[in-house]
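Reviewing the structure listed below.
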Amino acid sequence: MSGRGVWLRARARLRRFPALLAGCGEQATAYGRCVAAAAAGGTAELRRDACLEEFRALRDCFARAAKATAK
């Protein structure tokens, strides 16, 4: 058993990622700005959950887009 089918399915999912990201541009921008602002805050490391609200919005957008694409 080679597991080739697993890799083919994984590649197919990854090929859809750019289209999903394009549909969630506003959320991706908000998350990126939050992370950049937190990183520029002078601390050596980002605090966990510093951008949780923005991350959840982006994750939910991806989930909605993936669900709509799967149908």
Original post:
What FRET efficiency do you get for Ala36 and Arg59 if R0 is 25 Å and r is their Cβ-Cβ distance, rounded to the nearest 0.05?
Top reply: 0.85
**OP:** Provide the per-residue ³J(HN,Hα) series for the range 15-27, in order, calculated from phi with Karplus coefficients 6.51, -1.76, 1.60 and θ = phi - 60°, each as a whole number of Hz, with x at glycine and proline positions.
**Re:** 5, 7, 4, x, 5, 5, 5, 4, x, 10, x, 5, 5
Original post:
How far apart, in nm, are the 7 Å Cα→Cβ label points at Leu14 and Lys67?
Top reply: 2.7
Subject >> Rounded D (µm²/s) - the chain, Kirkwood Rh over Cα pairs, Stokes-Einstein at 4 °C, 1.567 mPa s >> reply: 92
Subject >> the chain, dipole about Cα centre (Lys/Arg Cβ +1, Asp/Glu Cβ -1), debye to the nearest 20 >> reply: 640
**OP:** Compute the signed sum of charges (Lys and Arg +1, Asp and Glu -1) over the other residues within less than 13 Å, Cβ to Cβ, of Gln27.
**Re:** 0
Subject >> Ellipticity estimate at 222 nm from DSSP helix runs (n ≥ 4, -39,500 (n - 2.57)) divided over the chain, nearest 500 >> reply: -26000 deg cm²/dmol
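Taken together, the values in this text are just the output of simple stated rules run on the coordinates, not laboratory data. Quick caveat: nothing in here was measured; it's all calculated off a predicted structure. For neighbour counting, all protein chains shown are included, and Cβ atoms are generated from backbone atoms with ideal geometry for every residue, glycine included.
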